[in-house]
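The values are calculated or read from the model by the stated rules, or taken from the named source; none is laboratory data. Quick caveat: nothing in here was measured; it's all calculated off a predicted structure. Reconstructed Cβ throughout: ideal geometry from the backbone, glycine too, with neighbour counts over all protein chains shown.
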Amino acid sequence: MPSIASSRILILATDGYERSELRVPLQQLRGHGATVTIASLKSDPIKSWDEKDWGDTVDVDITVDQVSSRDFDALVIPGGQINPDLLRAEPAAVNVVRDFVRAGKVVAAVCHGPWLLVEADVLRGRKATSYGSIKTDLKNAGADWRDEPVVTDKGIITSRKPDDLDAFVAKIVEEVEEGRHERRVA
């Protein structure tokens, strides 16, 4: 079993990520000793969306075309409406998700982040949750949608909203320490 303190976590985001849904996992996972890398569509810093306006920025470490699941233990996808909508339109970002799922790595998405899991077609037949407004999208993609703070199905973690972030990060830590997850690719 890998220790969270020696793990390598990738956060996949672009402009419009929900500030807390990137910052809280970033800070808490680093607090556990994990090495956390930010990947995006571009190498420039990316801007958050914070309630009604653009928020702060975060530096990007690598671009999606440089990502290999072999280099990481887990993938985290923050939500916000803008971030996952832009990412799911980019084949390279969708391929990152598929690569992590095929490799049996932990994949975690919060709020609207599961839109990217829908686009990658990795939720069919799996239990999942999301922000309530996209539950029909998950159901239409074949997920067994649940209204629970955190839902895990063989290493794929989904969560509903910022209020659930502490439980979301705790589940990421738990799943990373369990190690590789055998699962079928949907």
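Observations on the structure shown:
- Among the residues of segment 24-47, those that are small (Gly, Ala, Ser) and closer than 21 Å to VAL107 by Cα comprise GLY31, GLY33, ALA34, ALA39, SER40.
- Of all the listed residues (ALA92, ALA108), the sole one being in contact (Cβ under 8 Å) with a residue 12 or more places away in the chain, part of a helix (DSSP H, G or I) and of a type in the set (Gly, Ala, Ser) is ALA92.
- Only one of the numbered conditions (1) in contact with an Asp or Glu (Cβ under 9 Å, 6 or more places away or on another chain); (2) hydrophobic (A, V, I, L, M, F, W, C); (3) over 20 Å from PRO114 (Cα atoms) is not met by ILE38, and that is (3).
- Selection within segment 29-73 - among the charged types (D, E, K, R) and in contact with a helix residue (DSSP H, G or I) (Cβ under 6 Å, 6 or more places away or on another chain): ASP50, ASP65, ASP73
- Residues that are outside any loop (DSSP other than H, G, I, E, B) and within 21 Å of TYR17 (Cβ to Cβ), drawn from segment 111-130: PRO114, TRP115, LEU116, LEU117, VAL118, GLU119, ALA128
- Taken over segment 24-36, the criterion of being buried (at least 18 other Cβ atoms within 10 Å of the Cβ) and not in a loop (DSSP other than H, G, I, E, B) is satisfied by VAL24, PRO25, LEU26, GLN28, LEU29, VAL36.
- Every pair of residues 6+ apart whose Cβ atoms lie under 9 Å, when the first sits in segment 1-19 and is among the basic types (Lys, Arg) while the second is buried (at least 24 other Cβ atoms within 10 Å of the Cβ) and part of a strand (DSSP E or B): ARG8/ALA74; ARG19/SER48
- Within segment 144-164, being in contact with a helix residue (DSSP H, G or I) (Cβ under 8 Å, 6 or more places away or on another chain) and not in a helix (DSSP H, G or I) holds for TRP145, ASP147, PRO149, VAL150, THR152, GLY155, ILE156, ILE157, THR158, SER159, ARG160.
- Answer residue from segment 1-23, given it is surrounded by fewer than 19 Cβ atoms within 10 Å (Cβ to Cβ) and small (Gly, Ala, Ser) and is modelled with the lowest pLDDT among those: SER3
Yes/no per residue for (1) crowded, with 24+ Cβ neighbours inside 10 Å; (2) in contact with a helix residue (DSSP H, G or I) (Cβ under 9 Å, 6 or more places away or on another chain); (3) more than 17 Å from ASP65 (Cα to Cα); (4) β-branched (Val, Ile, Thr):
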site	(1), (2), (3), (4)
LEU87	yes, yes, no, no
ASN95	no, yes, no, no
ARG102	no, yes, yes, no
ALA108	yes, yes, yes, no
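- Residues that are surrounded by 19 or more Cβ atoms within 10 Å (Cβ to Cβ) and under 12 Å from GLU18 (Cβ atoms), drawn from segment 76-85: ILE77, PRO78, GLY79, GLY80, ASN83, PRO84
- Selected residue [surrounded by 22 or more Cβ atoms within 10 Å (Cβ to Cβ) and touching a Lys or Arg at 6+ places or on another chain (Cβ under 6 Å)] from ASP50, ASP73: ASP73
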